[in-house]
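Q: Please read through the structure below; I'll follow up with questions.
The values are calculated or read from the model by the stated rules, or taken from the named source; none is laboratory data. The model shown is predicted, which means the values in this text are computed figures rather than measured ones. Neighbour counts are summed over all protein chains in view; Cβ atoms, including those assigned to glycine, are modelled from backbone coordinates with ideal geometry. Accessible surface is based on the protein model in full, side chains and every heavy atom, while ligands, DNA and RNA are left aside. Shrake-Rupley method; radii C 1.70, N 1.55, O 1.52, S 1.80 Å.
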Amino acid sequence: MFKALLLEQEGKATVSSVQELDDSHLPEGEVTVAVEYSSLNYKDGLAITGKGKIVRNFPMVPGIDFAGTVIDSASPDFSQGDKVILTGWGVGESHWGGMAQKARVKARQLVKMPEGLDSRNAMMIGTAGLTAMLCVMALEQSGVTPEQGEILVTGASGGVGTVSVALLAKLGYDVVTVSGRPENSAMLVNLGAKLILPRNRFEEPARPLDKQLWAGAVDTVGSKLLAKVLSEMNYGGTVAACGLAGGFDLPTTVMPFILRGVNLQGVDSVMCPTDKRIEAWERLVKLLPESFYELACRKVTLEGVAEYAKAITEGQVTGRIIVRV
Ligand code: NDP
């Protein structure tokens, strides 16, 4: 028997409960993993509360991330005892996810735990942290260097935001953050932010072009905030856009692109190819300072997930939440 958070649909509502299941309930897959930790991402919040159409079929075990130890494998790539990480691939959406003591998935969806990382710290990073690293790599690939100027991080107190701040600061960039929560300023400064700008500074409708301020940006918010950021990018600057915490629309014009050569680079972690994931995880282990794990993470149990799921959809969670299953 194993414990799992199970989502069921009652009428139009999504209802969650912690249940005891046996192995016959596990879905098809080549590798069975004893999950040690999962984590709570924005997408998990939408799935668990039912606020977003994330779950494709019920009953569903949510959790787009997990880390644990292989207990059974039909794949030559993994053996019993291997420590593994899973993020994305639709797990926790259309296939049972990580908020359970056991999970069964396809071998190609797993990456081996990098040297120097354990399950707990891997989930403190999780999908949010992987996405932050992919955003930083996107800025690097488009040629943004620390000498070119300041990098803006939006939605800074959240999971992607906090990891982005820590990574960029470690790489020597000057990081300016946008946050709607002044109470998180001290944490952001401790993570490496040089300046915190209030969210409302970005909420007036953007002019097509504004004063050039940013060499690069990591945007987790979308909508009018991203439009404002685009209007303030330096000539040739790049925005790595990964999120929609403020909305999925983008009320902008072509001006930043055609007059300033601004690059808008989309970033996706869900279907990201395995070789890029491995590179990103290895860099995360090397770059993230110990202070990140101390400053920006908290632990909950399966029973405590529902409360935080609601909070994350309301923009009220700070940093990363790991789930001890
Ligand atoms: P969090 O909820 O942890 O962080 C989002 C942050 O955005 C909040 O902490 C808040 O920061 C800010 N925010 C919240 N609501 C609003 C709003 N209405 N307007 C402006 N800012 C707001 O989420 P994650 O960090 O886990 O994810 C961030 C976004 O990135 C989500 O949209 C998520 O879906 C997306 N994402 C995309 C991935 C991909 O592969 N493309 C992978 C992972 C996440 P503050 O209070 O400091 O302003």
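Q: Can you find a residue in the range 174-193 that is within 13 Å of the ligand (Cβ to nearest atom) and at positive phi?
A: no
Q: Now for a different question. Among the candidates Val165, Val153, Val144, Val160, single out the residue that is over 23 Å from Thr313 (Cβ atoms) and either open to solvent by less than 10 Å² (accessible area, probe 1.4 Å) or near the ligand (Cβ under 9 Å from one of its atoms) (or both).
A: Val144
Q: Exactly one of (1) among the aliphatic types (A, V, I, L, M); (2) in a loop (DSSP other than H, G, I, E, B); (3) surrounded by fewer than 16 Cβ atoms within 10 Å (Cβ to Cβ) is unmet by Leu195. Its number?
A: So the condition that Leu195 fails would be (2).
Q: Pairs, please: C-beta under 7 Å, at least 6 apart or cross-chain, first residue under 26 Å from Lys83 (Cβ atoms) and free of Cβ contacts under 8 Å to residues at least 24 places away in the same chain and in the range 121-145, second away from the ligand (no atom under 13 Å from the Cβ) and open to solvent by 10 Å² or more (accessible area, probe 1.4 Å)?
A: none
Q: Could you list, in sequence order, the residues of the range 270-290 that are in a helix (DSSP H, G or I), under 15 Å from Arg120 (Cα atoms) and not aromatic (Phe, Trp, Tyr)?
A: Leu284, Val285, Glu290
Q: What number of residues in the range 217-249 are open to solvent by 30 Å² or more (accessible area, probe 1.4 Å) and either within 13 Å of the ligand (Cβ to nearest atom) or of a type in the set (Lys, Arg) (or both)?
A: Filtering the range 217-249 for residues open to solvent by 30 Å² or more (accessible area, probe 1.4 Å) gives 224, 234-236, 242, 244-246, 248-249.
Narrowing further to those that are either within 13 Å of the ligand (Cβ to nearest atom) or of a type in the set (Lys, Arg) (or both): 224, 242, 244-246, 248-249.
Number of matching residues: 7.
Q: Please indicate, with yes or no, whether at least one residue in the range 262-273 is surrounded by fewer than 22 Cβ atoms within 10 Å (Cβ to Cβ), more than 12 Å from the ligand (Cβ to nearest atom) and of a type in the set (D, E, K, R).
A: The answer is no; no qualifying residue exists.
Yes or no, residue by residue, for (1) away from the ligand (no atom under 13 Å from the Cβ); (2) surrounded by fewer than 19 Cβ atoms within 10 Å (Cβ to Cβ):
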| residue | (1), (2) |
| --- | --- |
| Asp44 | no, no |
| Gly52 | no, yes |
| Val55 | yes, no |
| Trp96 | yes, no |
| Lys106 | yes, yes |
| Leu134 | no, no |
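Q: Which one of Glu20, Glu8, Glu36, Glu28 is in a loop (DSSP other than H, G, I, E, B) and open to solvent by 40 Å² or more (accessible area, probe 1.4 Å)?
A: Just one listed residue meets the conditions, Glu28.
Q: Quick one: which residue in Ile321, Ile312, Ile258 is open to solvent by less than 30 Å² (accessible area, probe 1.4 Å) and assigned to a helix (DSSP H, G or I)? Show your work before the answer.
A: Numbers: Ile321 fails: assigned to a helix (DSSP H, G or I); Ile258 fails: open to solvent by less than 30 Å² (accessible area, probe 1.4 Å).
Ile312 is the lone residue from the list that is open to solvent by less than 30 Å² (accessible area, probe 1.4 Å) and assigned to a helix (DSSP H, G or I).
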